[in-house]
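Written below as structure tokens is the structure these notes are about.
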Amino acid sequence: MAAVSIDGIRKSFGSIPVLRGVSLSIADGEFLTLLGPSGCGKSTLLRILAGLEMQDAGSISIGERVVDGLRPKQRDVAMVFQSYALYPHMTVASNMALPLRMRRLSAVQRLPILGRLLPGAAGAAAKIDMEVARTAESLGIGHLLARKPGQLSGGQRQRVAVGRAMVRHPAVFLMDEPLSNLDAKLRVQMRAEIKELHQRLGGTFVYVTHDQAEAMTLSDRVAVMLDGELLQVAPPRVIYGDPEERRIAEFIGSPT
Ligand code: ADP
Ligand code: MG
């Protein structure tokens, strides 16, 4: 069964079409990379998957559920943004705990009376702290929990952003150019860590990049995107060895 089904997604901003009918099925546990030049619509597609943006036409399923119209929190996904999107005034621990605290809060709000009577509010908070500490430890940032994002290096901030996605144990990880703000050396190192993370967590990853080397080393399959369309979806060696279209060959710089 597909972890993610994308069916005929269209999206325009004003009169400008940005996604022109994108369809794609992503297998459970797959590492799928959307690869394409800046402006081709990668982030828009990822934001639609996350529920941060609504498509004009087409449908998305995650697991067995059609998620069209569901809010981000109601989808079994977590997103890592290019800018990390950490709260500067909060500690690493609080940033990472936020999705879990919000989830608990909304459960309590749905059941106001029951929520107050629920045993172990303190126990739940301690559980969240433990989960955050364990995740931070696994990412090598266990010693940074009391710091603020401004006191961290780029690579450390990136790990916090990944950690914040991990604590929710989502079925699907959405990552929008998570390494693009790092210097070249760190980017290569973090690439290996992301690969290791995928193997360790076993979840489905939808990864966005304009960096071919990243796409080729990380992915089970690469979806080449140009101008709001998917041109070819295939394992890296097929994209390189047997590009279906001249436009793909030109983009990846290999001979036709
Ligand atoms: P990519 O991530 O591949 O660089 P995006 O999905 O961010 O591409 O953007 C695709 C196109 O849609 C670009 O031309 C961009 O300017 C435009 N775009 C993206 N978001 C908006 C928006 N909220 N309003 C208007 N235009 C947008
Ligand atoms: Mg983008």
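Each reported figure results from applying straightforward, stated rules to the coordinates on display, with no laboratory input. In this text, all values refer to a predicted model and were calculated from it rather than measured experimentally. Here the Cβ positions follow ideal geometry from the backbone for every residue, glycine too, while neighbour counts run over all protein chains shown.
Quick one: divide the alpha-carbon radius of gyration of the chain by 2.2 N^0.38 Å and tell me what you get.
1.06
Check cross-link reach from residue 127 to the aspartates and glutamates: straight Cα distance under 19 Å, and skip same-chain residues fewer than eight apart.
Output for residue 127: 137.
Using θ = phi - 60° and the Karplus relation 6.51 cos²θ - 1.76 cosθ + 1.60, list the HN-Hα couplings for the range 6-20 in order, rounded to whole Hz, with x at every Gly or Pro.
10, 10, x, 6, 10, 8, 10, 10, x, 9, 9, x, 10, 10, 10
For the range 177-231, what does the alpha-carbon gyration tensor say about shape, rounded, prolate or oblate, given a ≥ b ≥ c as the root eigenvalues, a/c under 1.5 as rounded, and a/b over b/c as prolate?
The shape class here is oblate.
Please report Rg over Rh for the range 121-256, where both radii come from the alpha carbon positions and Rh follows the Kirkwood definition.
Using Cα coordinates only, the ratio equals 1.06.
Can you work out ³J(HN,Hα) from phi for every residue in the range 50-60, in order, using Karplus 6.51 cos²θ - 1.76 cosθ + 1.60 and θ = phi - 60°, giving whole Hz and x for Gly and Pro?
My calculation for the range 50-60 gives 6, x, 8, 8, 9, 6, 7, 8, x, 9, 10 Hz in order.
Order by neighbour count: 224, 18, fewest other Cβ atoms within 10 Å first, most last.
Least to most surrounded, the residues fall as 18, 224.
Quick check on the chain: of the DSSP beta bridges with both residues there, what percent are antiparallel, nearest 5%?
Once the DSSP bridges in the chain are tallied, antiparallel ones form about 55 percent.
What list of whole percents do you get for P(r) of the range 196-256, with Cα-Cα distances grouped in 5 Å bins up to the one holding the largest distance?
4, 18, 29, 25, 12, 7, 5, 1
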